[in-house]
Amino acid sequence: MTFVISQGCCNDGSCIAVCPVQCIRPRPGDPDFTTTEQLYIDPATCIDCGACMDECPVEAVHSDWDLPEELSDYMAINAEYFSTNPLVGVGAPTFTRRVLPQDKAALSVAIVGTGPAACYAAAALSDIKGVSVTMLERLPTPFGLVRAGVAPDHAKTKKIVDRFAGVLSRPNVTCYFNVEVGKDIAVEELLEYHHAVLWAGGARDDRKLGIPGEDLPGVHAARTFVAWYNGHPDHSTESFDLSGERVVVIGNGNVALDVARTLLRPADDFHATEMAQHAIAALAGSSISEVVVAARRGAEHGAFSQGELLALEKLEGIAVVAERDEVADHGSGRKHEVLLRAVDRDGAEGPAIRFRFGLEPISVEGSDGVEAITFRRPDGTTERVETSLVLRAIGYRGTAVAGLPFDETTATLPNDAGRVVDPERDEAVPGLYCSGWIKRGPRGIIGSNKQDAEETVDSVLHDLAAGRLSDPCRTPDELEKLLADRVEDLLDKAAWGRIDLEEKRRGRESARPRQKLVTIPELLAASRAQA
């Protein structure tokens, strides 16, 4: 028997550290570790011990004998990886316990953000004796895109929150919520209270198409739509026209597939999830029967992952279709096989997700709102697709951070292994660091942030040992007082705990894991509730 890694793998590599025979690949340091869609177990080497399944934070590991039918392809998918990447050098990976330099008794680091990159950085730092961490979050709630970006029907992926919650609960981790760094307190001020400041605030904007009509009502970022159905308080009052029959999604990464799936699944499917109640109600009244997922490039360049495409094909009551001339001679492998099967379904009745390739959007038409979008085909001809809703899913984009240098071209903080760099002097800015999408750009999945964060943590420790970090001139108590004076509704871990309990209480009343509070006033009211 063997164990199998399936759809939903978060790539954080927790399983690798506990595998006694090191049969999981790729590993940190392997050339494809940062780009792989998932990790894989070599069935010829696995000894069926189950350590990986116990350690997996998102329940993506199964034994072969109880692999669910809908995941049966993953037996072959795991084995196929090793047919082209045979296991060589099965020695244990190098794991070095981080410690402070012998001449340094303490290190204090402020981390801006509480999403995956921030939590992985906090985990690595707070594991070290003598280190204290302060986490500052703009919202009243933690966990970033795990809470507000993961699709509601990916409940197992959201389980990574349990691991992150354990990090936030550590005694040497202090959390302040409802605090906006750059507004309520400057980055330079934080350095007065800490040896270092690590920015892990993510990418809060999205890329634009740059075509005429893009600003018409009815054109939205997929990021906004995802935040809306996930109950993000910045977007809970958004509205989307779901009265038409067709939606066009530009882009074909996993976010595009999440959006397409969410638009066509029956609203009843989401009653047992964490989807915001306002979104369930809106989707219940939707008239949409077709979602066109359009990409500029050919089918062989599809940005969606193999796992998400396979799962899409297995959805009940929704046909996945494609056009033969856009797929037949473009690509190979499992993703291509799924698209070829989609060609055979072209013309199927009922709700459909239609993949289109080689279509470059050139304009959005309409007077008071979107009426159609026009594409240019590879041969130079154009095609007009009627729709009343266009969702842009071509990538997230970082935004400038007050007090820090910013690269407008890459929309990241210029950095060297996580050290923020002043481009004018080409030197690291003492005490300033970054991690996550603001460091490397918006790519990778949840677990991709682990190695990224640990690289930055190692840079902090190296600079501490080299004497490049100044000791704080103010105390943690003084920071708490400063924030309490400046922020009317400053929240701590206990306040977030009260919000968490209230959302779960409301969820129990309707047989859901939680019912999210989706406005700032609601969240603040729950934070003040007495037990």
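A single member of VAL167, VAL146, VAL150, VAL161 is β-branched (Val, Ile, Thr) and in a loop (DSSP other than H, G, I, E, B), and it is VAL150. For the range 421-478, residues that are charged (D, E, K, R), under 21 Å from PRO101 (Cα atoms) and touching a Gly at 6+ places or on another chain (Cβ under 9 Å) total 4. Mind listing whichever residues of the range 138-175 are β-branched (Val, Ile, Thr) and free of Cβ contacts under 8 Å to residues at least 60 places away in the same chain? Selection gives VAL161, VAL167, VAL173.
Yes/no matrix, rows are residues, columns are (1) modelled with pLDDT under 95; (2) outside the structural domain of ALA260 (by TED's automatic domain parsing); (3) over 27 Å from LYS158 (Cβ atoms); (4) within 28 Å of the chain's Cα centre (by Cα):
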| site | (1), (2), (3), (4) |
| --- | --- |
| ALA352 | no, no, yes, yes |
| ARG356 | no, no, yes, yes |
| SER363 | no, no, yes, no |
| GLY366 | no, no, yes, no |
| GLU386 | no, no, yes, no |
| TYR433 | no, yes, yes, yes |
| LYS439 | no, yes, no, yes |
| GLY447 | yes, yes, no, yes |
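Counting residues in the range 292-302 that are free of Cβ contacts under 8 Å to residues at least 60 places away in the same chain, assigned to a loop (DSSP other than H, G, I, E, B) and not charged (D, E, K, R) gives one or more.
Counting only strands (runs of 3 or more DSSP E) wholly contained in the range 365-446, the ones carrying 1 or more residues that are in contact with a Cys (Cβ under 8 Å, 6 or more places away or on another chain) and touching a residue at least 24 places away in the same chain (Cβ under 8 Å) occupy 419-422.
Can you say whether ARG443 is at pLDDT 95 or above, surrounded by fewer than 23 Cβ atoms within 10 Å (Cβ to Cβ) and among the basic types (Lys, Arg), as far as the supplied structure shows? No: the conditions fail for ARG443.
Residues considered: VAL179, VAL197, VAL226. Of these, the only one that is among the β-branched types (Val, Ile, Thr) and part of a helix (DSSP H, G or I) is VAL226. Determine whether the range 466-477 contains at least one residue that is in the same structural domain as LEU198 (by TED's automatic domain parsing), within 16 Å of GLU189 (Cβ to Cβ), small (Gly, Ala, Ser) and in contact with a strand residue (DSSP E or B) (Cβ under 9 Å, 6 or more places away or on another chain). The answer is yes; a qualifying residue exists. On inspection, SER63 passes the criterion of being in contact (Cβ under 8 Å) with a residue 12 or more places away in the chain, among the polar types (S, T, N, Q) and loosely packed, with under 15 Cβ neighbours inside 10 Å. Evaluate the following for VAL255: is it assigned by TED's automatic domain parsing to the domain that holds GLY358, touching a helix residue (DSSP H, G or I) at 6+ places or on another chain (Cβ under 8 Å), modelled with pLDDT of 95 or more and not in a helix (DSSP H, G or I)? Spelling it out, it is not the case that VAL255 is assigned by TED's automatic domain parsing to the domain that holds GLY358, touching a helix residue (DSSP H, G or I) at 6+ places or on another chain (Cβ under 8 Å), modelled with pLDDT of 95 or more and not in a helix (DSSP H, G or I).
I need the full set of residues from the range 107-138 which are surrounded by fewer than 24 Cβ atoms within 10 Å (Cβ to Cβ), touching a strand residue (DSSP E or B) at 6+ places or on another chain (Cβ under 7 Å) and assigned to a loop (DSSP other than H, G, I, E, B), in order please. Matches in the range 107-138: GLY130 only.
Between LEU524, LEU501, LEU469, LEU517, the distinction of being assigned to a helix (DSSP H, G or I) and touching an Asp or Glu at 6+ places or on another chain (Cβ under 8 Å) belongs to LEU524 only. Identify, from the list ALA117, ALA124, ALA151, ALA155, the residue that is in contact with a Gly (Cβ under 6 Å, 6 or more places away or on another chain), assigned by TED's automatic domain parsing to the domain that holds ARG419 and hydrophobic (A, V, I, L, M, F, W, C). Matching residue, one of ALA117, ALA124, ALA151, ALA155: ALA117. I'd like the full set of residues that are without any contact (Cβ under 8 Å) to a residue 12 or more places away in the chain and touching a Lys or Arg at 6+ places or on another chain (Cβ under 7 Å), limited to the range 483-505. Passing the criteria: only LYS504. Taken over the range 20-70, the criterion of being of a type in the set (Gly, Ala, Ser), over 22 Å from the mean Cα position of the chain (by Cα) and closer than 25 Å to GLU308 by Cβ is satisfied by SER63 alone.
Of all residues in the range 303-330, those that are assigned to a loop (DSSP other than H, G, I, E, B), touching a residue at least 24 places away in the same chain (Cβ under 8 Å) and under 27 Å from the mean Cα position of the chain (by Cα) total 6.
The values are calculated or read from the model by the stated rules, or taken from the named source; none is laboratory data. The model shown is predicted, which means the values in this text are computed figures rather than measured ones. Positions of Cβ are generated from backbone atoms using ideal geometry, with glycine treated the same way; all protein chains shown enter the neighbour counts.
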